[in-house]
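All of the numbers you see were taken from the coordinates with simple rules; none came from a lab. Fair warning: this is a prediction, and the values are worked out from it, not measured in the lab. Note that each Cβ is placed from the backbone with ideal geometry, even for glycine, and that neighbours are counted across all protein chains shown.
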Amino acid sequence: MLRFYTAGESHGQGLLTFLSGLPAGLPVDAGFINHELHRRQLGYGRGGRQKIEKDAADIFAGVRLGQTIGAPIALRIENRDWQNWEKILPVGASDAQETQSRKLTAPRPGHADLAGSQKFNFHDARFVLERASARETAARVAAGAFAKLLLKEFGTEIASHVIQVGHVRLERGAKWEEIRAVCGDLNSPLRCVDAAVEEKMKAEVDAALKAGDTVGGVFEVVARNVPVGLGSHAQWDEKLDGRLAQALMSVQAVKGVEIGAGILAAGSYGSEVMDEISYDKGERKFRRSSNRAGGLEGGITNGEDVVIRGYLKPISTLRKAMGTADMVTKEPVRAAYERSDWCVVPAGGVAGEAMVALVLADAFLQKFGGDSLAEMRRNFESYGRQIDEF
Ligand SMILES: Cc1cc2nc3c(=O)[nH]c(=O)nc-3n(C[C@H](O)[C@H](O)[C@H](O)COP(=O)(O)O)c2cc1C
């Protein structure tokens, strides 16, 4: 239903996003889209690039008079760094000295450099790394902002926070209000809900920088006010937990995804894991005693918060470069170093929010779809009555 594509390289002219499937009549707040792009650029442990770029989305198509018109949406985010790369990576053929000097033949372990070069038959990892780069997440965040705008129309909100950086972990649960507050706090260095833990996280980031090393961590994305019944148990590819996991895993450097208490649950007894169900006769609502399932049972949303975590490996580009083999000479060398972040967990969370929003918006459209927002709203309200009367 909701499809999106991105195009663009890290040091090309810019990034493009195409988004298709949104209903007509959705109010579009361009300021919100740019605010989301700005949030992706923040975080303690980012490299110099975030200082050069101030991302902003130009809406080219699909939005008129401040709302969607049911046509595909096209967006462009300019790469402000392009002026420094125009001679290095021109579109036309070139053997200029600038181009030659930026060839990358010492593939960096942990990047797509070598596997991608072998696959596409380049002896220069530049062409691979330019697209593999997480700069692409800016295009996703722009698409995700549209998905968030749609979800907001139905009362669904999405926020993320950081629960681990390197070896430092937030050992307590976080309330929705705390997550929401820290998520919107542009001055929060690592978007952790606990200031004391955040200080320790910062020290971890500082230690990594000092050692020429990098750190990973864990972000948690929470979606609140998600209706019962998105996704389905009926086919493997309709299960919403599977779709969310794939979406989150596709974010650069995410190497593990957890829904609810998934990882802890594997080493616990069943009685310690399942959320007991009761019925509140006054409110005429089913309730759960806890939300260890993370809002999903059998691949279907159960009305609790959807809680999903992305586990990020440490950044692959190290100043303390690791051993590799040159792709041309085949001799042992140290891996190339490109200007790089050394901790991106909060930014990973923003990309994660976007991916969760896109999957949930798609599931909304499948369940309540209509050509206009008004039609979708009618379907949503009618289904709401069915749930109320259940
Ligand atoms: C927001 C964000 C920013 C990133 N910035 C960098 C970076 O500056 N340097 C780097 O080596 N990797 C960075 N990464 C991770 C790499 O893009 C990623 O590890 C690499 O493309 C290989 O993909 P894989 O780790 O998913 O296998 C970043 C990831 C995210 C989510």
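Summarising the amide proton neighbourhood of Ser340: residues at separation of 5 or more, or on other chains, whose placed amide H is nearer than 5 Å comprise Gly48.
Computed over region 279-325, the P(r) curve from all C-alpha pair distances, binned at 10 Å from the origin, holds 20, 28, 16, 12, 15, 6, 3 percent per bin. For region 256-309, trypsin sites (Lys or Arg not before Pro) meeting the loop criterion (DSSP other than H, G, I, E, B) and having at most 12 other Cβ atoms within 10 Å: Lys281, Arg284. Only one residue of Gly242, Gly173, Trp85 has its Cα farthest out toward the positive end of the dipole of the chain, where Lys and Arg carry +1 and Asp and Glu -1 on Cβ, and that residue is Trp85. Projecting label points 7 angstrom from Cα along Cα→Cβ for Ala96 and Ala266 puts them 5.0 nm apart. Annotation note: trypsin sites (Lys or Arg not before Pro) in region 323-361 located in DSSP loop regions with a Cβ neighbour count of at most 15 within 10 Å are Lys330, Arg339. Only helical runs count toward this figure. For the chain, summing -39,500 (n - 2.57) over DSSP H runs of n ≥ 4 and dividing by all residues gives -10500 deg cm²/dmol at 222 nm.
Taking the fewest neighbouring Cβ atoms within 10 Å as the starting point, the ordered list for Glu36, Glu178 is Glu178, Glu36. Taking Cα atoms only, the orientation of helix 373-389 departs from the longest principal axis of the chain by about 50 degrees. Full extension of the chain between Asn187 and Arg3 gives 62.9 nm of extra length, using 0.36 nm per residue less the Cα-Cα distance.
Averaged across orientations, what area in nm² does the convex hull of the alpha carbons in region 276-377 project? Working shown, then result.
Values: hull surface 50.7 nm².
Computed as one quarter of the Cα hull surface, the answer is 12.7 nm².
Quick one: helix 195-210 against the long Cα principal axis of the chain, what's the angle to the nearest 10°, folded into 0 to 90? That helix lies at roughly 20 degrees to the long axis. Under the convention that each Lys and Arg Cβ holds +1 and each Asp and Glu Cβ holds -1, the size of the dipole of the chain around its Cα centre is about 580 debye.
Against the chain, whose longest principal axis is taken from its Cα atoms, helix 240-249 shows a tilt of about 20°.
Could you tell me how far the Cα centroid of region 302-349 sits from the Cα centroid of region 95-141, in Å? Taking the Cα centre of each part, region 95-141 and region 302-349 sit 14 Å apart. If a spin label sat at a point 7 angstrom from the Cα of Arg377 along the line to its beta carbon, the backbone N atoms of region 114-158 nearer than 20 Å would be those of 146-158. I want the local charge near Leu360. Using Cβ-Cβ distances under 13 Å, sum +1 for each Lys or Arg and -1 for each Asp or Glu among the other residues. Surrounding charge for Leu360 is -1.
When the trypsin sites (Lys or Arg not before Pro) in region 13-63 are filtered for DSSP coil states and for at most 16 other beta-carbon atoms within 10 Å of their beta-carbon, the remaining sites are Lys54.
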